[in-house]
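Take a look at the structure set out below.
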Amino acid sequence: MLRYLPFLLVLAVWIYAFIDVLNTPEKEVRHLPKVVWVIIVLLFGEVLLGPIAWFVTGKKRPAAGRDGGGRGRRGGWVAPDDNPDFLRGLEKDRDPRDDA
């Protein structure tokens with residue numbers, strides 16, 4: 001069973017890269033048209049050159065320090081304990097009979 005593991009890993013990376021190319025909007029694709037990236041991933045996927053090229057240079061990705069998953073951005077997601085609107089809503093919904 002372990003002798004099939006490298007083949008399955010290569011196949012998984014190949015499929016993931018192919019689906020990623022297909023799901024990426026055209027405006028986020030860098031250097032080459034999307035159709036060319038699909039062909040590169042399909043032709044060179046067996047030796048992982050196509051998928052690695054796609055992951056490294058083909059798609060615009062946010063910098064590691066910037067846009068860390070939406071945290072810290074204005075209008076982005078904020079944890080409930082850091083969200084003043086959520087905390088005000090808790091105070092408003094609190095039943096005064098619970099204090100007794």
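The values are calculated or read from the model by the stated rules, or taken from the named source; none is laboratory data. These numbers come from a predicted model, not from an experiment. Glycine gets a Cβ as well: all are built from the backbone with ideal geometry, and neighbour counts include every protein chain shown. Ligands, DNA and RNA are excluded from the accessible area calculation, which covers all protein heavy atoms including side chains. Shrake-Rupley method; radii C 1.70, N 1.55, O 1.52, S 1.80 Å.
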Worksheet item: So for Phe7, Phe86, Phe55, what's the accessible-area order with a 1.4 Å probe, most first?
Response: Phe7, Phe86, Phe55
Worksheet item: What list of ³J(HN,Hα) values in whole Hz, one per residue of the stretch 55-60 in order, does the Karplus curve 6.51 cos²θ - 1.76 cosθ + 1.60 (θ = phi - 60°) give from phi, with Gly and Pro shown as x?
Response: 5, 7, 10, x, 10, 5
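In nm, what is the difference between 0.36 nm times the number of residues separating Leu5 and Ile19 and their Cα-Cα distance?
2.9 nm is the gain from fully extending Leu5 to Ile19.
Contour minus end-to-end for Asp85 and Ala12, with contour as 0.36 nm per residue of separation and end-to-end as the Cα-Cα distance?
22.0 nm
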Fill in: Additional length obtainable on full extension of the chain from His31 to Trp77, 0.36 nm per residue less Cα span
13.4 nm
Worksheet item: How far is it, in nm, from the label point at Leu42 to the one at Lys92 when both lie 7 Å from their Cα along the line to the Cβ?
Response: 5.5 nm
